[in-house]
Amino acid sequence: MTAVAAQRITSAEQARETAAALAAEFAVDAARRDRDRELPYREIDRLSASGLLAVTVPAEFGGADLAPGEVAEVVRLLAAADPNIAQIPHSHFVYLNLLRLAGTRDQREHHFGRVLAGARIANAQSERTGATVAEIATTLRPDGPPGDDAKFRIDGTKFYCTGSLFADVLAVLTRLDDPRESSGLSPGDYIAFLPADTAGVETVDDWDGIGQRTTGSGTVTLTGVRVRRDQLIARAAAVNAPTGYGAFAQLLHVAIDAGIARGALDAAADFVRTRSRPWFEAGVSRAADDPLLVQRIGELAVTVATAEATFEAAGRAVDRVVADPAAEPAAAASVAVATAKITADRAANEVSAALFEVSGTRSAAADLNLDRFWRNARTHTLHDPVRWKYQHIGRAVLDGAPPPLHGVI
């Protein structure tokens, strides 16, 4: 278990103040960590100790029970400083939400208690072998002696397991296709909550993406891993129902992209003010007084502000669904989040590339590592294609058709 003494956060205001303070701290060495691929173990321990990773724990279990929009704002603040660190707890919050929606009381009490004490959850979800990302080859099979259907076995390999190197618990997505009738489990998708040091689990630091280099997104291999029934949660109750589960998960991705866009804009403005030389035809002594450059900075600022505004609106929509699913259709929240995802995707990629356009040749120096903004934006925005967001939005407008229930919108 994580060897930290976690503080307790009790309000949204405290969460934002804590996130802002940590963001300022993490920003100092963010460029160096990214350049040298130095994994942020110390920083993640600081994040755990701050209490921010427990802010979604329901009040009845001793947590702050913050609304999704507030959690997403914490992530956005961290992402503006270091999007690697901001992405690491994404799955942590998503799977705490799964526990809230689909776990038994004993499961919730156990895992929420551990998280309040500083424990971290990471995903072991994606695979490379299927025809699409939705196919699951990792098997969950009954594996006990005759009459002992409380024991199961997991075998499979997972990739892009963000945060797995820092995790105390791995949330492993599995597929049960051949249950014994006496096991009491129906066929379908299950999440197994496994201690990271469970026998048969191997986590490898082999992530070599061009961006998000220090997210610990390596490979997890599971070979003959024994799991008890009380470690399993069926996904259907959360994913295949209008719970806002997918909208909340996507909102956190929006927060990361919006944070990258803001971080890139701030870096560009600072570089122009302090290091750039004006173009000789402008007839000014400071780059910041070049009217064409001022115009471009203004355009980029509007792009970022638009992304942040749609992000905030989406957060409010998800908040309403979580607070009262009967009063706010989950479909409306999903459409709002899809809209925010499109604007944040556009802002993160455009502004991080335009950083060089407005800053000039000096900004391309390798030691500055300013390309990390674009590399991080381009890598993170590959998670799910915005072209399908347009499809779901268009169908909602034309036919009133709700987005599909598959957990990623």
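All of the numbers you see were taken from the coordinates with simple rules; none came from a lab. Keep in mind the model is a prediction, meaning the values are calculated, not measured. For neighbour counting, all protein chains shown are included, and Cβ atoms are generated from backbone atoms with ideal geometry for every residue, glycine included.
Numbers for the structure displayed
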| item | result |
| --- | --- |
| Qualifying lysines (Cα of each under 24 Å from Cα of K389; at least 8 residues distant if same chain) | K341 |
| Neighbour-count ranking [beta-carbon atoms within 10 angstrom, fewest first] of T361, T306 | T361, T306 |
| Neighbour-count ranking [beta-carbon atoms within 10 angstrom, fewest first] of K389, K341 | K389, K341 |
| Alpha-carbon Debye profile of the chain, log10 I(q)/I(0) at 0.06, 0.07 Å⁻¹ | -0.25, -0.34 |
| Distance in nm between pseudo-label sites at E38 and R105 (7 Å out along the Cβ direction from Cα) | 4.8 |
| Kyte-Doolittle mean at least 0.0 and Cα axial length at least 30 Å: DSSP H helices in the chain | 245-274, 291-323, 330-359 |
| Cα→Cβ-extended label distance, 7 Å offset, between A5 and D143, nm | 3.9 |
| GNM flexibility winner over the chain from G69, G103, G188 (Cα, springs under 10 Å) | G188 |
| Positive minus negative residues near A323 (Lys, Arg vs Asp, Glu; Cβ under 15 Å) | -2 |
| Prolate/oblate/rounded call for region 267-336, Cα gyration tensor, a/c under 1.5 rounded | prolate |
| Förster radius 41 Å - calculated FRET efficiency between D367 and R128 (Cβ-Cβ, nearest 0.05) | 0.75 |
| Cβ-based net charge around D384, under 12 Å, with every Lys or Arg adding one and every Asp or Glu removing one | +1 |
| Cα gyration tensor, region 142-270 - rounded (a/c under 1.5), prolate or oblate | oblate |
| Segment A282-D65, length gained on full extension (0.36 nm per residue, minus Cα span) | 72.8 nm |
| Volume in Å³ per residue [convex hull over Cα atoms, computed for region 241-399] | 117 |
| Fewest-first ranking of W279, W207, using other Cβ atoms within 10 Å as the exposure measure | W279, W207 |
| For region 205-318: rounded, prolate or oblate by the Cα gyration tensor [a/c cutoff 1.5] | oblate |
| Net charge of Cβ neighbours under 12 Å - reference E350; Lys, Arg +1; Asp, Glu -1 | -1 |
| Stretch gain in nm, segment E357-D178, where the contour uses 0.36 nm per residue and the Cα spacing is subtracted | 58.7 nm |
| In Å, descending, principal axis extents of the Cα set of region 245-308 | 55, 18, 11 |
| Gap separating the Cα centres of region 232-259 and region 56-105, nearest whole Å | 11 |
| Cβ-placed point charges (K, R +1; D, E -1), dipole of the chain about Cα centre in debye, nearest 20 | 200 |
